[in-house]
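Remarks on the structure that follows.
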């Protein structure tokens with residue numbers, strides 16, 4: 001059933017996003033649904049990385065995906081080929097999702113039969129970092145061609161994430177990206193962030209990422225899952 | 001004098017950006033200052049492209065540069081090495097510049113002795129496209145690693161620009177970027193847009209871009225320059 005629905009997200013009219021994000025996080029904990037918010041610039045490889053991640057996790061977890069874009073369904077169409085449950089969210093020009101918009105997406109996706117939901121956020125390093133979506137885990141992708149100086153220019157994003165995937169490492173010989181310099185920047189901004197160099201195209205490094213992610217999900221479920229079977 | 005100042009931009013409190021952009025454009029026409037608004041995702045190569053463009057144009061025109069970022073001065077510091085007049089604008093977390101913010105930057109840069117001002121906008125394909133800055137020419141960069149499907153996902157940006165630079169073409173062998181497919185998308189969205197494949201790193205294609213830009217500036221100056229000598 002390689003199909004997906006499209007939801008036109010309504011703009012949030014309330015203030016107090018932080019409170020609504022905490023409420024959504026608590027609801028998801030009670031329902032045993034692990035929400036991962038995946039962010040990056042346009043073209044960093046979010047969808048390809050997600051496809052590899054789904055491939056590694058889908059035998060162990062029941063997975064849903066929310067693809068957020070201002071327009072188009074190309075990503076939902078790609079993800080649908082993996083066989084997982086997917087919905088395309090259209091933000092109507094807005095450059096981010098907040099907690100209320102995320103809740104609209106989750107309601108439409110329907111999460112009763114899911115263990116994990118991946119939210120592929122809008123391609124953007126600024127607005128997306130400023131809104132807590134209610135996710136249990138915030139992850140970003142920086143691709144090698146973008147350059148190792150991005151933490152200097154988009155500090156809020158790099159400060160707020162739990163893990164950073166350095167994608168397209170197969171292209172390292174072609175670009176002036178210094179991984180040690182990058183790690184030094186992150187060591188100053190966000191020393192707790194996990195860093196995983198990967199190539200979603202060749203698969204290099206993906207196992208280290210999905211192994212870590214699996215252990216994070218298990219640790220979360222051990223604390224939060226109540227009556228829901230796995 | 002490889003120095004630059006930093007201006008903390010004040011958030012615009014007025015509405016009616018389109019009217020203020022028209023007013024700024026008319027002011028710049030009267031003063032004979034050609035403003036180019038350069039937009040792209042983070043890491044597409046705006047600063048490197050600007051350095052090459054400045055190199056090609058600086059014997060013919062008096063150039064100023066405004067570098068807009070939410071934080072950091074790395075780009076202004078790079079541009080300053082070219083010897084042109086440069087100012088770093090900090091947007092205080094905002095993901096775009098509007099016409100009023102652009103005017104603040106121009107006032108601080110001081111344009112009496114300039115023919116051209118390049119505005120390197122915040123790295124972003126969404127917000128920046130939604131605000132008319134008052135520029136005479138809107139140009140964007142899409143880099144090869146970002147993928148040829150970006151016009152489908154960020155249509156407003158691709159619809160509104162006068163020219164598109166496809167940067168990092170030296171990396172074409174490594175990425176699945178189909179230039180013909182990209183041109184087909186643009187042919188449907190914005191058939192008048194000029195497309196220039198370039199490599200700001202190797203210099204390939206840069207001359208075609210700067211030759212076209214020079215003719216655009218001359219055509220504009222022929223119409224608008226009044227008392228200002230060249």
Item to check | Single residue of the stretch B:91-107 satisfying the filter (part of a helix (DSSP H, G or I) and surrounded by fewer than 21 Cβ atoms within 10 Å (Cβ to Cβ)) that is nearest to the other protein chains (Cβ to nearest Cβ) | outcome: B:104
Checklist outcome for this item: residue A:50 vs (1) more than 14 Å from every other protein chain (Cβ to nearest Cβ); (2) more than 23 Å from residue A:158 (Cβ to Cβ); (3) assigned to a helix (DSSP H, G or I): all pass except (2)
Checklist entry - How about the stretch B:108-199: which strands (runs of 3 or more DSSP E) wholly inside it have at least 1 residues that are within 14 Å of chain A (Cβ to nearest Cβ) and at pLDDT 95 or above? => result B:116-120, B:137-143, B:163-167
Checklist entry - So which residues in the stretch A:53-79 are within 16 Å of residue A:91 (Cβ to Cβ) and within 14 Å of chain B (Cβ to nearest Cβ)? => result A:67, A:68, A:69, A:70, A:71, A:72, A:73, A:74, A:75, A:76
Checklist entry - Going through the stretch A:180-203 one residue at a time, which ones are over 22 Å from the mean Cα position of the chain (by Cα) and closer than 25 Å to residue B:172 by Cα? => result none
Checklist entry - Somewhere in the stretch B:196-209, is a residue within 30 Å of residue A:73 (Cβ to Cβ) and loosely packed, with under 15 Cβ neighbours inside 10 Å? => result no
Checklist entry - Can you spot a residue in the stretch A:210-223 that is in a loop (DSSP other than H, G, I, E, B) and touching a residue at least 60 places away in the same chain (Cβ under 8 Å)? => result no
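The values are calculated or read from the model by the stated rules, or taken from the named source; none is laboratory data. Please read all numbers here as calculations on a predicted model, not as lab measurements. Don't worry about glycine lacking a Cβ; one is built from the backbone with ideal geometry, like all the others, and counts go over all protein chains shown.
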